[in-house]
1. Restricting to segment 75-106, count the residues that are among the charged types (D, E, K, R) and touching a Ser or Thr at 6+ places or on another chain (Cβ under 9 Å).
2. Under 7 Å between Cβ atoms, at least 6 apart or on separate chains: pull out the pairs that start in segment 77-96 with a residue that is more than 13 Å from ALA123 (Cα to Cα) and in the same structural domain as ASN138 (by TED's automatic domain parsing) and end on any residue that is part of a strand (DSSP E or B) and small (Gly, Ala, Ser).
3. Do you know which residues across segment 128-153 are modelled with pLDDT of 85 or more and either in a helix (DSSP H, G or I) or within 13 Å of THR81 (Cβ to Cβ) (or both)?
4. With respect to the numbered conditions (1) surrounded by fewer than 16 Cβ atoms within 10 Å (Cβ to Cβ); (2) within 23 Å of LEU115 (Cβ to Cβ); (3) more than 20 Å from the chain's Cα centre (by Cα), which one is the sole condition not fulfilled by GLY43?
5. Any residue in segment 113-142 that's in the same structural domain as VAL96 (by TED's automatic domain parsing) and more than 28 Å from GLN90 (Cα to Cα): show its pairings with residues that are assigned to a loop (DSSP other than H, G, I, E, B) and modelled with pLDDT of 90 or more at Cβ separation under 8 Å, as long as the two are six or more apart or on different chains.
6. Among the residues of segment 64-71, are any in contact with a helix residue (DSSP H, G or I) (Cβ under 8 Å, 6 or more places away or on another chain), farther than 25 Å from ASP125 by Cβ, modelled with pLDDT under 90 and not hydroxyl-bearing (Ser, Thr, Tyr)?
Amino acid sequence: MDMIDKKYTQHPFYGILRMTAWLHDEGHHVNHKRIQLLMRLMGLRAIYPKPRLSKSEDVSEKYPYLLKGLMIRRPNQVWATDITYIKLKQGFVYLVAIMDWFSRYVISWEISNSLDTHFCLSALDKALRKGVVPEIFNSDQAKAVNSQVKPLPVA
């Protein structure tokens, strides 16, 4: 996985077959199905122009981008969240962070060794327990929603 990650970082346009051929050249005889599984686990996909990228297939999943042209003028007006992975010797851990866009303050974060929803919900729960609810909660998937949630009671 380490070799795949390094090569993908150098050549993000390498797909499964090209990565398999490169590993064969390096003396590692592996099946392309194994490379497909490993790249999928690592969240790696070849970067190349894909057909019809601008046309959405499912209109029901498309949300309006509420932050376009919005001036962010105060704390807790907009919170943002994102998930990323951190590579370790033993594998990967996943980090979710919730941040205030105005102050760039990290309101809460969580780390997990699996990509399930529990650690994301835990980070959101911690953020909401601070007693403040943002007007807009934004993710990198352009799924911003007006928050209608009420803060959980502080224990």
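The values are calculated or read from the model by the stated rules, or taken from the named source; none is laboratory data. Because the structure is predicted, anything quoted here is derived from the model rather than measured. When we count neighbours, we look across all protein chains shown, and the Cβ atoms used for this are built from the backbone with ideal geometry, even at glycine.
1. Going through segment 75-106 one residue at a time, the tally reaches 1.
2. So the pair list comes out as VAL93/SER112.
3. LEU128, PRO134, ILE136, PHE137, ASN138 - these are the residues of segment 128-153 that are modelled with pLDDT of 85 or more and either in a helix (DSSP H, G or I) or within 13 Å of THR81 (Cβ to Cβ) (or both).
4. (3)
5. VAL132/ASN76; VAL133/ASN76; PRO134/ASN76; PRO134/GLN77; GLU135/ASN76; GLU135/GLN77; ILE136/GLN77; ASN138/TRP101
6. no
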